[in-house]
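Values in this text are rule-based calculations from the coordinates and carry no lab data. This is a predicted model, so every value here is computed, not measured. Neighbour counts are summed over all protein chains in view; Cβ atoms, including those assigned to glycine, are modelled from backbone coordinates with ideal geometry.
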């Protein structure tokens, strides 16, 4: 009895980690190159809406996913233009992106869909053979394709960052832009690249909510999840593997919260809903005293000395 | 008019250009929805300014934006970003409501002054948490204030669904999450026979006070110094951490006061629709737009809040008349922020040019002086 409950919670924690993973891995790339994008939540909302709307119109989940990636790329381009080319104050521009994404996704939802409705999202994809392994297989290999993608993204990103010339350039641009510049690394191009890829991943993060996990869209669907994703990057100290640990911590909190609600335990739902935000503040405070330093050029536009 | 003055005036007009650019994109959006933008804008303008009542509603809508905007100005001048307007408004409103519910029999003016002071203190406390974490633990204040917004909103929803729910709602069995109407003794006086209330006057007085604080007092000078250069402030013996926390506390105090005024001036109760912006109507975010649009200057924030208040009030009418969801204004607000913050580039570029011309002039001056000698 207890075992099935625990399996259920772990299984849903793995599933719920998906949006956090896509969004915070994308944000990690941007921050490593020195760009702090606080508009993740707005991009996620746009991705979630566009994916959902495309699915209602075409019936194709993959087209929905593609649309979310495209919208994420467009937002990434916008963010990169404002932060890298126009060298805007990154904190405020991120809030601008958030307000814009929240407003535009609400507007489009009201005009194009109107009422809350559900769709058939990505269904679990049982991996042959290994999904049959007792407990282990059930937890890890009976998930939908976006979950697998999210978990594969972690080692892939780790490899790119640590083992490729591109990763070296990204880290150099974030740590010592002057040195990177003098070695001929194109700082603007690298930052555009990381921010646009980050935008695409935020788009997928949104889509994973609206066409894979919840299969619904409503105004402000993410409820600040994108901001928690940014916090996870601090938690993970800009390392994909640690970001994964953070994402799992939060998704477990979410899974337990949902389980408590379903069980009808006598705790007001508002308190359980509050939990992820309280945990975020505690985590940020606890992490702050560590020795790990953020990329030196984070939040600093690059000015070539003359 | 010489070239330099002309440039400076052009710089002042940048936010207006950003606003017009956002409006242009809004017009395109409206046209894409298949609605004649002229008809849409006519209903918006009528809704915002068309009658005395409309104008009063615009000012009423602008008042919390001004309080939030002033709070943002103080924080920003100290180099910190307070995105916690939503939560601080809720704390101010909630504490004032609870106080009024518990002491309905106090004389009116005492009730008003005490409930406003309590709202102010609770807003200051809520922002102070973020300030403390920023100054002493280096916790990113944007993230912490946003988390505090959600905590405040869910805390308010909990209280409204239980402990402070209107007893009448429980009796009737309708369980609408709102409090009872507050004692009429606590109502802020109205100015003219419309919804316009005395809170607007308080807001404008505070705008002037914030200006005096920031530019005419030592505390204000140090707050701005911390915002401009932390190293230089430390070197000259300013306790940077203390002033960061202080800026947050002052910022939250103004916003909390704004929340309390929303309760005793406009709604006379607190309510929720279950969403996180159910009571505030996103004023905590719209106030940020007002502050940026007002060039982060307390006096500039007054007309900026008025304009945004007009947009929000007019959008409600537009939604009724031509069925354009008022969420449009949310999208436009985001664009205004992006354009204003993006156009800082032009300002920096211009000031560089000015510095260079000034240098050239200086060196010419020196040469001339040398030649004279």
Check your understanding: Between rounded, prolate and oblate, where does segment B:128-208 land on the alpha carbon gyration tensor, with a ≥ b ≥ c its root eigenvalues, rounded for a/c under 1.5, else prolate if a/b exceeds b/c?
Key -> oblate
Study note, to complete from the structure: At q = 0.06 1/Å the base-10 log of I(q)/I(0) from the Debye formula over the alpha-carbon atoms of chain B is -0.26
Practice item. Treating the angle as unsigned and between 0 and 90°, give the value, to the nearest 10°, between the Cα long axis of helix B:52-77 and the longest Cα principal axis of chain B. Key: 50 degrees
Revision key, fill the gap. Of A:279, A:253, A:111, the most mobile residue in a GNM of chain A (C-alpha springs, cutoff 10 Å) is A:111
Check your understanding: What FRET efficiency, computed as 1/(1 + (r/R0)^6) with R0 = 41 Å and r the Cβ-Cβ distance, is obtained for residue B:205 and residue B:239, rounded to the nearest 0.05?
Key -> 0.90
**Study point:** CD proxy at 222 nm, helix term only [per DSSP H run n ≥ 4: -39500 (n - 2.57); per residue of chain B; nearest 500]
**Key:** -26000 deg cm²/dmol
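Using a/c under 1.5 as the rounded threshold, could you call segment B:113-260 rounded, prolate or oblate? The axes a ≥ b ≥ c are square roots of the C-alpha gyration tensor eigenvalues, and prolate needs a/b larger than b/c, oblate otherwise.
oblate
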Point to revise | Pair residue A:166, residue A:220: separation of 7 Å Cα→Cβ label points (nm) | key: 3.7 nm
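Would you work out if segment B:42-157 is rounded, prolate or oblate? Take a ≥ b ≥ c from the square roots of the eigenvalues of the alpha-carbon gyration tensor; rounded if a/c is under 1.5, else prolate when a/b is larger than b/c, oblate otherwise.
Note, shape of segment B:42-157 comes out oblate.
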Review point. Does anyone have the angle between helix A:61-80 and the longest principal axis of chain A? Alpha-carbon axes, 0 to 90°, nearest 10?
Key: 30 degrees
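For a footprinting-style exposure proxy, rank A:87, A:289 by other Cβ within 10 Å, fewest first.
Lowest count first: A:289, A:87.
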Exercise for review: Using the number of other C-beta atoms within 10 angstrom as an exposure proxy, rank A:158, B:109 with the fewest first.
Suggested key: B:109, A:158
Study note, to complete from the structure: Mean-square fluctuation maximum in Gaussian network of chain B, Cα pairs under 10 Å, restricted to B:263, B:210, B:321, hits B:321
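Which values, in whole Å and largest first, are the semi-axes of the equivalent ellipsoid of the protein assembly as shown obtained as the square root of 5 times each eigenvalue of the Cα gyration tensor? Could the numbers behind the result be given before it?
Working: eigenvalues 289, 253, 126 Å².
For the protein assembly as shown, the semi-axes come out at 38, 36, 25 Å.
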Exercise for review: Kindly put A:189, A:171 in sequence by how many other C-beta atoms sit within 10 Å of each C-beta, fewest to most.
Suggested key: A:189, A:171
Check your understanding: What angle do you read, to the nearest 10 degrees and between 0 and 90, between the alpha-carbon axis of helix B:327-372 and the longest principal axis of chain B?
Key -> 20 degrees
Point to revise | Point-to-point label distance, residue B:344-residue B:113, nm (Cα→Cβ direction, 7 Å offset) | key: 4.1 nm
Review point. Taking 0.36 nm per intervening residue step and subtracting the Cα-Cα distance, what contour gain separates residue A:156 from residue A:304 on full extension?
Key: 50.0 nm
Revision key, fill the gap. For chain A the mean separation of alpha carbon contacts under 8 Å (6+ apart) over residue count, i.e. relative contact order in percent, is 38 percent
Exercise for review: Work out, step by step, the length gained on full extension between residue A:237 and residue A:286: first 0.36 nm times the residue separation, then minus their alpha carbon distance; give nm to one decimal.
Suggested key: 16.4 nm
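Run the numbers for residue A:148 and residue A:6: contour at 0.36 nm per residue of separation, minus the present Cα-Cα distance, in nm.
Net length gain for the segment: 49.0 nm.
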